[in-house]
């Protein structure tokens, strides 16, 4: 809080000290509740000061020391005061009139105003952080998309190399999507797994392929065998850049399917910003759970 107390407001507080408090203990307790240390206000004893000169001396000292936050605490205390504390000895109407005039001079409770200002700053900072995170995420996806396009157009890589690079690109996307995951590994039985991620409490083992021909039934059969040997909470996620043979898809559809399929076209639409990976994944999960459909093209979702 950096706003200086005006002379008019200061003088009104001097008047309020006498108009609202008859007993010194009440005035001392009021200052104490405002966070003013006893060592400060006890410098001005009641036998040497009246309430007017006492309050002026306290405010002058706080002002000299640049303790504007403590001054504003007193301002806030008077602002929230409903009337005279000792009504039997004091003029209650005068106290209310002075408090109303004081509120008119001050405008708003400085403490409440500061709280609102800080809350607004926090909201703004949170929003800016959120926007920054989105921008960073979008830049990362653009970078992944660029690498995917380069890989699509590359002519000097083998199918194995292309598949390996696709695997890395996919897990970069999973990471951007903030899904818990592990990179390719071999299990204790020396079985190769192209990585795994967790989505809505289900574990998805991943298989990636990028060959000239579409993925056929034997590939799905081998992968399905890996899934069937795991816990019921395990599903499969098969990414084939060249798509899937229609017969193979029909073979594994409807018979308690546990494999979700994604094509290169799906991936291109996601990386191109048409749909987020998690939204596409959710749609594909809904399709397999409700319809037993293991291949739901992203183009059908975004239409």
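What the table below lists for this structure:
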{"quantity": "In region 15-27, the residues that are over 18 Å from residue 80 (Cβ atoms) and touching a residue at least 12 places away in the same chain (Cβ under 8 Å)", "calculated": "18, 22, 23, 24"}
{"quantity": "Failed item, numbered, when residue 54 is tested on (1) under 13 Å from residue 14 (Cβ atoms); (2) at pLDDT below 85", "calculated": "(2)"}
{"quantity": "Only listed residue being over 18 Å from residue 29 (Cβ atoms), touching a helix residue (DSSP H, G or I) at 6+ places or on another chain (Cβ under 9 Å) and modelled with pLDDT of 85 or more, chosen from 108, 72", "calculated": "72"}
{"quantity": "Criterion (more than 33 Å from the chain's Cα centre (by Cα) and over 24 Å from residue 158 (Cα atoms)) met by exactly one of 216, 226, 209", "calculated": "226"}
{"quantity": "Check on residue 236, touching a strand residue (DSSP E or B) at 6+ places or on another chain (Cβ under 6 Å), assigned by TED's automatic domain parsing to the domain that holds residue 170 and on the phi > 0 side of the Ramachandran plot", "calculated": "no"}
{"quantity": "Evaluation of residue 82 against (1) modelled with pLDDT of 90 or more; (2) touching a helix residue (DSSP H, G or I) at 6+ places or on another chain (Cβ under 9 Å) (one fails), failing number", "calculated": "(1)"}
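The values are calculated or read from the model by the stated rules, or taken from the named source; none is laboratory data. Keep in mind that this is a model prediction, so the values were computed, not measured. Glycine gets a Cβ as well: all are built from the backbone with ideal geometry, and neighbour counts include every protein chain shown.
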